[in-house]
Every structure is written in structure tokens, then in C-alpha cells.
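Read-outs: derived from the displayed coordinates by stated rules, not from any lab. Model, not experiment: these values are computed from the prediction. Neighbour counts are summed over all protein chains in view; Cβ atoms, including those assigned to glycine, are modelled from backbone coordinates with ideal geometry.
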Amino acid sequence: MSKLRRYLSCLILGICAVILIVACDRGAYLEGNHSSNSPTSNPVISANSESCRLVSHQMGETKVCGQPQKVAALSPFVLDSMLALGVQPSAYAEVEDLKIQTYDNPLEQIPYIGKWVTTQPRGLGDCNSPSLERLTLVKPDLILGEAWQVEDEYPLLTQIASTLLFSNQQANGLQGWQHNIQKIAKALDREAKVKELLSTFSQQVTQARIALQPVLENYPRVLLINSNLTTYVASQPESTTSRLLQEIGFRIVEPPGIRDYAEISWEILPQIETDIILVLSWSDDSFSNPENILRHKWAKNSLLSSMPVFQQGRVYFVDYQLWGSNIGGPLTDQLILEALPDLLLSSVNKKNSA
């Protein structure tokens, strides 16, 4: 019996040892598997301290590590800058809520800059009040937006992901991207791209200046207004287009006694001395070719249609979505600079044929 007891004891001890070894091996496997998926070891989401950087923005400074893979763009301006830097969006908020859950056809769904979008970003609704619920579902690594739009929601946004807010208004009041592109690029780990963007922009301005030289010599003064002509007209000297025209060499005209952005009465337009008027057009349905609507309304208005500048074909109607300040960014500048010669050279051609 003693031999049997010793045999059973050895057998039980052996079984316990096997169980212990298996348990330890499984624990080691689980620990290793957890480590490989943990945020601290993922080189993309959260890299070592050498790949982290502090990025300054409108709300202070935020630490960003590695190269973010899922970035939410909370405005067209931010999206434009991201695309120019070679970064695609995982989520996007437009200037108004288009009721789009997913931008599965960005070429048609995102005005002007959609042709550069190759992903199918989740729709976040209106950029002034983006859907935090949808944003949470996206689980972005980084959120980029504009301070004037979502400043009040900043604390909530930072609970979802690192959030940086920028402004497209420069120190001189003009709308532009150059003063913040370095910071946005730093957040996206795309700083090497900035020099190329700035160089390309300089070349585009030079090409437009050369092409528009005949217009500059004959019609250097430009009045920019933002209007739907029925209820609203405003001087727009700080717009994206204003900045570009001044870069080219045009002089921006403002209504007498008015500085910067201001709502005005359309009845005073005939009193303003200008060579060219650019009407940055919008309507309640901002994605329905508002420039055509405004052109028709202007022609039917006896006071406006009698203005010499209109009769001589130097009033031009363009879409505020692109030419105003709804987008703004390197790609927007490219599109406007490419379109300006075809738009304005017609005034010189008409003069020569008269």
C-alpha cells in the first residue's frame, strides 16, 4: 500500500507541474500579445519620446507622437491643408450638414477639393457643431479644426483624441494658410512637405501675375463683395481672393468710410470707383451654382445693370464656397490662381475688340 501511495503522490505532483507550466506559458503568451497591441508599444499611435513633439495652436500646445494614421478634419480649411500635405481624412465636417453619413463619392460630395480625397471619410455633419458621437465611433488618432468653430467643444474633443485648433486668419487680417501650415504639418509629421508647398505657391502667383499683366495695366482696382443681392451685401477685403489679388498686384477697393469686412447697402455700389467688381456669390442652397443666380438678379436690377463697369463686362460672379473664405488652403489658392486669368482677361479682350 505504501508503494501505491507513493506512486499516486508522484502522479498528482506531476499533473500539477504540467498544469503550472501550461498556465505560465499561456500567461506569457497573453502578456506578449497584449504588449504587441498596447498603445505604448505601437510606433504609429504612440511612439517613443524621440518621435513626439509639442505643437502650438490656438488653444495652447499639444503633444503629438508618431505619424497619425486616422485624422479627423473639422472644416474645409483643415481638409485642404491636410490634402496638400498628402494626408487623407478619416472623418470630415462640411460648412453645412449635408446629411451624409459617409463621403463615399467625395468627388461629387465635397465641393472643389473632393477630387483630391481618395478615402471615404465618415461624415460629421456641420463644421460649426460636428457630431461628437460619430467622431467617437471613428476613434481618430488626431483631430484638427478651427478655433472659431469648435472652441466651446474643445474639452469634449480632447477626450476623444488629441485636438489642435487653428485659424486661417493672418496677422494682417487676410485669410490665408501660410502662417499655420508649418504647425499643421508638424502635427501630421509632414514638415518636409512645407517648403515644396510654399515654393509651388510662389511659382503659381508669378505665373498668374505674368498672365494678368494686361489687366493690371488697364484695370488695377478691384472691389470684392459677398452677396446674395436680396438681403445681404458685404465688403469682402479680407477674403482668400483678396489676398491672392494683392499678391498678384491688384489694389483692393473698399466703400468710402468703411474698413475691413462690413455689411453695406447695395444702393451705394454705383458710387464706388472701381475697375472690376468680383461678386462672391452665395444662396441659401450654397451648393447650387449661386453665381448664376446672382448674375441673373444683377442683370434684372435697373440700378446695378446701368453701372458702366457692368455694361462694360467687368463684373464677375464667382462661388463664395471657393473664392470667399469657406475653404482656403494651398489647393484653394491653386484653383483660384488657375481660374483668374481666364476670368479677368476677357475684360481686356472686350476692350481690344471694341
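What does the net charge come to around residue 317 if you take all other residues with beta carbon closer than 15 Å to its beta carbon, with K and R at +1 and D and E at -1?
+1
Among 128, 158, 111, flag the residue with its Cα farthest along the positive direction of the charge dipole of region 91-243, charges on Cβ as +1 for Lys/Arg and -1 for Asp/Glu.
111
About the Cα centre of region 198-353, what is the dipole size in debye to 20, counting +1 per Lys and Arg Cβ and -1 per Asp and Glu Cβ, all else neutral? Walk me through the numbers before you get to the answer.
Details: 11 positive and 16 negative charges, 93 e Å.
The dipole magnitude comes to about 440 debye.
What is the distance, in nm, between label points placed 7 Å from the Cα along the Cα-to-Cβ direction at residue 147 and at residue 191?
2.2
Arrange 296, 57, 179 by Cβ neighbour counts within 10 Å, fewest through most, would you?
Numbers: 296 12, 57 20, 179 15.
Arranged by neighbour count, lowest to highest, 296, 57, 179 become 296, 179, 57.
May I ask for the net charge around residue 79, where only other residues with Cβ less than 15 Å from the Cβ of residue 79 are counted and Lys, Arg are +1 while Asp, Glu are -1? Write out the running numbers ahead of the final one.
On the way: positive: 70, 115, 122, 190; negative: 80, 94, 96, 126, 146, 333.
Overall, the nearby charge balance is -2.
Using +1 at the C-beta of Lys and Arg and -1 at the C-beta of Asp and Glu, which of 204, 192, 232 has the Cα lying farthest in the positive direction of the dipole of region 171-297?
192
Could you please rank 331, 165, placing first whichever residue has the fewest other Cβ atoms within 10 Å of its Cβ? Mind dumping the intermediate values first?
On the way: 331 21, 165 24.
Lowest count first: 331, 165.
State the extension gain, in nm to one decimal, for the chain segment bounded by residue 202 and residue 158, taking 0.36 nm per residue of separation less the distance between their alpha-carbons.
Contour length minus Cα-Cα distance gives 12.3 nm.
Name the residues of region 160-190 whose amide N is less than 19 Å from a point 7 angstrom out from the Cα of residue 133 along the C-beta direction?
Hits in region 160-190 for residue 133 at 19 Å: 160-161.
Using a basic spin-label model with each label point 7 Å from the Cα along Cα→Cβ, how many nm lie between residue 210 and residue 107?
3.2
Could you put 342, 333 in order, starting from the residue whose Cβ has the fewest other Cβ atoms within 10 Å?
Least to most surrounded, the residues fall as 342, 333.
For the charge dipole of region 198-353, defined by +1 on Lys and Arg C-beta atoms and -1 on Asp and Glu C-beta atoms about the Cα centroid, which residue among 317, 215, 279 has the Cα displaced farthest towards the positive pole?
Ranked along the dipole, the leading option is 215.
Quote the charge dipole size of region 49-189 about the Cα centre in Debye, to the nearest 20; the model charges only the Cβ of Lys and Arg (+1) and of Asp and Glu (-1).
Numbers: 10 positive and 16 negative charges, 84 e Å.
So the magnitude is around 400 debye.
Once the other residues with Cβ under 15 Å from the Cβ of residue 164 are scored (Lys, Arg +1; Asp, Glu -1), what is the net sum? Mind showing how you got there, number by number?
On the way: positive: 53, 63, 70, 183, 186, 190; negative: 61, 141, 146, 151, 153, 189, 191.
Surrounding charge for residue 164 is -1.
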